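Visitor: Mind having a look at this structure? Questions to follow.
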Amino acid sequence: MASTSSFGFNMRVIHRYLGFFLVGIMAVYSLSGIILIFRDTDFLKQEKQVQKQVKPNVANPDELGRMLGIRGLKVEKEEGNTVIFKEGKYDKATGNADYTAKELPFLLDKMTHLHKAKSAEPLFFLNVFFGVSLFFFVVSSFWMFTPSTSMFKKGMYFTIGGIVLTLILLFI
């Protein structure tokens, strides 16, 4: 058994307790990551009727799409001052838009927003901490077993296999 002052022992202890501490956020990231795979579909999304006031007389569909938060908005037809698109309609004279949006349920939406956080958001440093912690798990896992054991040697084969699979996925 390694002494309590050895580097390997300390790596195992930190790995263990950091793993217990981060179990909740790891569950959130794993679930939200799976949900984000299907973000281009309507999987788990619910329809919500939205009425929004935007700038009147917007002629450019891309600008209207940005204002309404609808990617790839395509105008189907115009009838007088009314612009009709797949999701709803926009009144050029008043700036009123009435459309249907598809959104994830509240909790799933919060989880996916946490997963996609940007540096401009207030708690971005928590995402950085989580990313650094995951990288620590990668590195510290090599101190979980003594290098002379057969379990460590078998682990190295799995490591090589995982790296090869990752490289294949990156370059296909």
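Visitor: Restricting to region 153-172, what's the tally of residues that are exposed (fewer than 10 other Cβ atoms within 10 Å of the Cβ), part of a helix (DSSP H, G or I) and under 23 Å from the mean Cα position of the chain (by Cα)?
Guide: The number of residues fulfilling the criteria is 4.
Visitor: From SER119, SER150, SER140, SER133, which residue is loosely packed, with under 10 Cβ neighbours inside 10 Å, closer than 23 Å to HIS15 by Cβ and in the same structural domain as VAL13 (by TED's automatic domain parsing)?
Guide: Answer to the check: SER150.
Visitor: Suppose we keep only residues that are of a type in the set (Val, Ile, Thr) and either in contact with a Phe, Trp or Tyr (Cβ under 9 Å, 6 or more places away or on another chain) or in contact (Cβ under 8 Å) with a residue 12 or more places away in the chain (or both) within region 38-67. Which one would you say is farthest from LEU123 (Cα to Cα)?
Guide: Residue satisfying both the conditions and the ranking: VAL58.
Visitor: If you check THR112 against the conditions, is it part of a helix (DSSP H, G or I), under 26 Å from the mean Cα position of the chain (by Cα) and more than 30 Å from PHE142 (Cβ to Cβ)?
Guide: So THR112 fits the description; yes.
Visitor: Here is a follow-up. Could you grab me the full set of residues in region 68-86 that are outside any loop (DSSP other than H, G, I, E, B) and either within 13 Å of ASP98 (Cβ to Cβ) or without any contact (Cβ under 8 Å) to a residue 12 or more places away in the chain (or both)?
Guide: LEU68, GLU76, LYS77, GLU78, GLU79, THR82, VAL83, ILE84, PHE85
Visitor: Which number in (1) touching an Asp or Glu at 6+ places or on another chain (Cβ under 6 Å); (2) surrounded by fewer than 12 Cβ atoms within 10 Å (Cβ to Cβ) marks the one condition that GLU76 misses?
Guide: (1)
Visitor: Residue check: is VAL28 of a type outside the set (Ser, Thr, Tyr), in the same structural domain as VAL132 (by TED's automatic domain parsing) and either part of a strand (DSSP E or B) or out of contact with any strand residue (DSSP E or B) (no Cβ under 7 Å at 6 or more places or on another chain) (or both)?
Guide: yes
Visitor: State whether the residues of region 92-100 include one that is part of a loop (DSSP other than H, G, I, E, B) and either in the same structural domain as MET26 (by TED's automatic domain parsing) or closer than 26 Å to LYS45 by Cβ (or both). Spell out how you get there, then give the answer.
Guide: Step one: filter region 92-100 for residues part of a loop (DSSP other than H, G, I, E, B), giving 92-95.
Filter once more, keeping what is either in the same structural domain as MET26 (by TED's automatic domain parsing) or closer than 26 Å to LYS45 by Cβ (or both): none.
No, every residue in region 92-100 fails to be part of a loop (DSSP other than H, G, I, E, B) and either in the same structural domain as MET26 (by TED's automatic domain parsing) or closer than 26 Å to LYS45 by Cβ (or both).
The values are calculated or read from the model by the stated rules, or taken from the named source; none is laboratory data. These numbers come from a predicted model, not from an experiment. Counting neighbours? That spans all protein chains shown, and the Cβs are built from the backbone with ideal geometry, glycine included.
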